[in-house]
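The values are calculated or read from the model by the stated rules, or taken from the named source; none is laboratory data. None of these values were measured; they are calculated from a predicted model. Reconstructed Cβ throughout: ideal geometry from the backbone, glycine too, with neighbour counts over all protein chains shown.
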Amino acid sequence: MNVKALTESGVTANESVTPRPPAKRNSGFWKSVLQQKYLYLMSLPFVIWVFIFSYVPIWGWLMAFQNYKPVRSFSEQKWVGLDNFRELFQDERFYLVLRNTLAMSMLGLIFGFVVPILFAVMLNELRGNVFKRSVQTISYLPHFVSWVVVGGIVYKTLAIDGGIVNDLLLWMNVIDEPIQFMAKGKYFWGVLTAADIWKETGWNAIIYLAAITGIDKELYEAAKVDGAGRVKQMFNITLPGIRTTVMVLLIMNIGHLVGIGFEKQFQLQNNMVTDYSEVLDLYALKYGIQIGRFSYGTAISMFTSVVSVILLFTANGLMKKFAKESIM
Amino acid sequence: MNRKSTKTIFTLLLMSSMLIAGCGGNGNNAANNTTPNNSGTTPDATAAADDTALDTSPATFTFFGADASPNWNKMQDDVGKAITEKTGVTLEAEFDVGSGGGDQKIAMMAASGDVPDIIFAKGSLSTLVDAGLIIDMTDLIDKYGPNLKKVYGENMNRLKYSLDDQSIYQIPTNMGVGQKSFDATGGFEIQHRVLKELGYPKVRTVADFEKVLKDYVKLHPETDGQPTIPLTLNADDWKIMITVTNPAFTTTGAPDDGEYYVDPETFEAKLHYKRAEEKEYFRWLNGMYNQGLLDKDTFVQKDDQYKAKVASGRVLGLISQEWEYSDGENALKAAGKDEYTYGHFPVTLTEEYKDHSFMQTGIDGYGIAITTAAKDPERIIKWLDWMSSDEGQVLRTWGIKDKHYTVDANGKREVLPEIRDGLANDTANTQKTTGIGQYLIFGARYGDGVKDSTDNYYTTSFPEQIVASYSEAEKESLAGYKATTWKDLFPKEDEFPVKETGALYNLPVPTDGKYQVIFKKTQDIVRKRIPEAILSKPADFDKVYDAFLAELDKAGAQDMEKEFTELVKKRVSLWTGKNL
């Protein structure tokens, strides 16, 4: 997805460079289509792809207004209006899982941005190429480890009986007895965010490193001539240089705030912490699909999608206004 | 110009190749998705020739089992090959992974209608039935199932689904008909080394159990260099029921009716946590935790961590069923550490209660169902019928003559010593190569203690066999208690009447409406609050437990109990003809 965002931003950048003839509206449009026919042809497959996989399935949303039963044909389904939504908004558990979802995705958003950017900028300052490359490779390897395995690793590391974290803290005399990290609900968000950072920092940094490579070397040379030190260069050239990339990714991620999936939570949770670990998608799975209430599940995901779209447009609008950056 | 057009052509080429690749990928996916449906087709449809004769032409059926089956060897084991040779049938089987249960997988099947030919759906059968995906086997059994009819005999009534829908959707196969257990595999467990060192103390109540663990851990705070764990339980997902919540009713003299307690006279059902006796059981666990006897990791650890602990030999006591912890115990056996394996005791809260483990439920179990995806249900029934014949049953439980068992001059079957040894000490590998015990759910079968026409037992577990499979450490412990099997310590079948309600954890419940939602909610509450109550300070226990009960009712438990009571009454009238 990140890569897609980059190419998209690249395309918009190119287009804004091309001067458009201020011709009459209608004919001008067709003229530019003709002029850029190869570009249009190139994007066609992707438009079709998006249409098939992102728009066609929306028709399944109708399920949310039915009491859907599998196998029966569409005309045999019973329509129930807004009953599913009414039930959803009356369930206390829904607000609890919404809180968890927002809390964990906000944490993910904050740390998922700051840490990889810092990491990328610092990695960029390294001189030794061999060292730099190996650090980069090692740091993004965890990205390819599945959450099932990461879940096991986290449990083993944080165990009270032989877990390395507790052993270390005990050895350093920071604590007197092992902390039950995985049994306390209030630790869950922190544990999850930390695991996520460990897993994804290296991978997310790649995109910023790529953006940094795109910065004109002459800028650095000019700065050096003007007497700017490394720290000054970092703040005045590197960070502003990747600003566009950061903004685009930020807006896109805000759009995903409520739809964070449930894989990490599913792998890390246990019965003791469900009040803090259950997220919207997990709730949809448990109270929707698992007990055969497909309509209810659809209502939840419909809610998620609508909120996502609203968030995306709000974030985009705000950025446009205050930071003069946007993706639309 | 020239350069530009070359570039364009190149781009277009690349693009179209991507497009083609994309389509190719989709095409493959579509093909993959439809295969399970197609593979049910028998290559040649000449089956209809004779009704009773067994068609042995090659046929492949797809299958899903809701229990994990890690030793499944794709029918490439000895028994599997024999089955294919005799019947022509090969199963393309898939089993649930992890801790099993199959709920999620089966819910997806019900949604998509994409089911295998044969399914072992356990508790999720009703989901499939309500989706109209399971076929009624009544007529098929009548026509093609002489052996099935023989095995179930007068119990055919009990195969019916419900009072309102008297179809036969599954044949119960995860239990043996007429089963008389020879050995106890549940109750409370204590390691043999503990029993031996403490001179075989009396273990009858939870207080005795507690004392044994406490005394031993004082003597040996470490096992093989690691801290000794007096007691640990497995609370991962549904296993919390096996080791944490179910023992609450077994120790207080109630039979296993799943999450409910059903009054045997009035058939009124209530969530079993509401019984005052059970609160006392959980209070005892709370005490165990606060004394440091219950492992602190109990409610956090995952299934594999629990098994690893059992396999390390440092857990003195368990409260579980042998099948639940056997993976860990088998590792101990394989390593020759028999003194670290476990004996079983019918522990109850106080002496006034009796362990109801051996109360008979009659025929009532999870089983095999045929789906609408099956192209040739007749062939499947015939196959299941063959599997249920004497020949099939002996093959499934004993294996192959002269390879796995021998018949002596008096016609007595005996398992070869190396196979018996392998099954006891190197279970996984032996099961993978021989296939013994891998096909038990595929067909009706008699239970332990039933003899066939040759005067041999149908199953390999009969008193002598069981004693023969005990390790030295186990025999020593039993001798210490003047018993030959663990069952000798337990209350016997004939001390209880046969349950008129059957095993109520099998009772099909409505899949739509409020019931499922309330049930799910109460389950969430149980799995959260029971650990909380056990881990609370002793002074807070009452407060937490009472709040837990109030929360259950707030979630609608009473409506659900009322609905369940109705279902129980209907089942009793269907099975016994009583008018309730």
**Complete:** With criteria (1) crowded, with 19+ Cβ neighbours inside 10 Å; (2) part of a helix (DSSP H, G or I), B:Asp448 comes up short on (2)
**Residue list for the range A:281-297, filter: more than 7 Å from every other protein chain (Cβ to nearest Cβ) and part of a loop (DSSP other than H, G, I, E, B)** = A:Gly288, A:Arg293
**Request:** Can you tell me which residue among A:Gly202, A:Gly227 is at positive phi and more than 14 Å from every other protein chain (Cβ to nearest Cβ)?
**Result:** A:Gly227
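For B:Glu277, are the conditions met, namely being part of a loop (DSSP other than H, G, I, E, B), under 30 Å from B:Glu566 (Cβ atoms) and among the acidic types (Asp, Glu)?
Details: part of a loop (DSSP other than H, G, I, E, B): no; under 30 Å from B:Glu566 (Cβ atoms): yes; among the acidic types (Asp, Glu): yes.
So B:Glu277 fails the test.
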**Candidate set: the range B:197-241, residues that are within 14 Å of chain A (Cβ to nearest Cβ) and assigned to a helix (DSSP H, G or I); chosen: the one nearest to B:His272 (Cα to Cα)** = B:Met241
**Asked** Tell me, which residue of the range B:71-109 that is within 11 Å of chain A (Cβ to nearest Cβ) and touching a residue at least 40 places away in the same chain (Cβ under 8 Å) is nearest to B:Asn429 (Cα to Cα)?
**Response** B:Gly98
**Request:** For B:Tyr169, state whether it is closer than 23 Å to B:Leu507 by Cα, modelled with pLDDT of 90 or more, assigned to a loop (DSSP other than H, G, I, E, B) and under 24 Å from the mean Cα position of the chain (by Cα).
**Result:** yes
**Asked** Going through the range B:453-484 one residue at a time, which ones are closer than 13 Å to B:Gly343 by Cβ, among the polar types (S, T, N, Q) and either in contact with a Phe, Trp or Tyr (Cβ under 6 Å, 6 or more places away or on another chain) or not in a loop (DSSP other than H, G, I, E, B) (or both)?
**Response** B:Ser477
**Item:** Members of the range B:123-140 found to be buried (at least 17 other Cβ atoms within 10 Å of the Cβ) and either farther than 17 Å from B:Ile171 by Cα or within 14 Å of another protein chain (Cβ to nearest Cβ) (or both), listed by number
**Value:** B:Gly123, B:Ser124, B:Leu125, B:Ser126, B:Thr127, B:Leu128, B:Val129, B:Asp130, B:Ala131, B:Leu133, B:Ile134, B:Ile135
**Request:** Residues being within 14 Å of chain A (Cβ to nearest Cβ) and crowded, with 16+ Cβ neighbours inside 10 Å: count how many of those fall in the range B:522-563.
**Result:** 21
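Each row is one residue, and each column tells you yes or no for (1) away from every other protein chain (no Cβ under 11 Å); (2) in contact (Cβ under 8 Å) with a residue 40 or more places away in the chain; (3) assigned to a helix (DSSP H, G or I); (4) among the hydroxyl-bearing types (Ser, Thr, Tyr).
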| site | (1), (2), (3), (4) |
| --- | --- |
| A:Ser32 | yes, no, yes, yes |
| A:Leu39 | no, no, yes, no |
| A:Met42 | no, no, yes, no |
| A:Val47 | yes, no, yes, no |
| A:Val50 | yes, no, yes, no |
| A:Val56 | yes, no, yes, no |
| A:Trp59 | yes, no, yes, no |
**Request:** Look at the range B:413-436 and say how many of its residues are surrounded by fewer than 17 Cβ atoms within 10 Å (Cβ to Cβ) and part of a loop (DSSP other than H, G, I, E, B).
**Result:** 2
**Message:** Suppose the filter is away from chain B (no Cβ under 14 Å), in a helix (DSSP H, G or I) and more than 23 Å from A:Tyr140 (Cα to Cα); does A:Leu239 pass it?
**Reply:** no
**Asked** For the range A:283-305, does any single residue satisfy the condition of being of a type in the set (D, E, K, R), under 29 Å from A:His143 (Cβ atoms) and in contact (Cβ under 8 Å) with a residue 24 or more places away in the chain?
**Response** no
**Item:** Any hit, the range A:8-20, residues being farther than 27 Å from A:Lys286 by Cβ, modelled with pLDDT under 90, in contact with a helix residue (DSSP H, G or I) (Cβ under 6 Å, 6 or more places away or on another chain) and more than 14 Å from chain B (Cβ to nearest Cβ)
**Value:** yes
**Complete:** The residue from B:Gly176, B:Gly80, B:Gly101 that alone is under 22 Å from the mean Cα position of the chain (by Cα) and within 30 Å of B:Leu285 (Cβ to Cβ) is B:Gly101
**Message:** Which residue is farthest from the other protein chains (Cβ to nearest Cβ), if the candidates are limited to the range A:64-97 and must be in contact with a Ser or Thr (Cβ under 7 Å, 6 or more places away or on another chain) and part of a helix (DSSP H, G or I)?
**Reply:** A:Ala64
**Item:** B:Asp114 vs. criteria within 14 Å of chain A (Cβ to nearest Cβ) and buried (at least 18 other Cβ atoms within 10 Å of the Cβ)
**Value:** no
**Request:** Test A:Val273 against the criterion of being more than 14 Å from chain B (Cβ to nearest Cβ) and of a type in the set (Val, Ile, Thr), and give yes or no.
**Result:** no
**Message:** Quick check on the range A:244-280: of everything there that is part of a loop (DSSP other than H, G, I, E, B) and among the small types (Gly, Ala, Ser), which residue is surrounded by the most Cβ atoms within 10 Å (Cβ to Cβ)?
**Reply:** A:Gly259
**Asked** Going through the range B:404-428 one residue at a time, which ones are farther than 20 Å from B:Tyr457 by Cβ and modelled with pLDDT of 90 or more?
**Response** none
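Per-residue answers, yes or no, for (1) out of contact with any Ser or Thr (no Cβ under 7 Å at 6 or more places or on another chain); (2) away from chain B (no Cβ under 14 Å):
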site: A:Val174; (1), (2): yes, yes
site: A:Gly185; (1), (2): yes, no
site: A:Ile197; (1), (2): yes, yes
site: A:Ala211; (1), (2): no, yes
site: A:Lys217; (1), (2): yes, yes
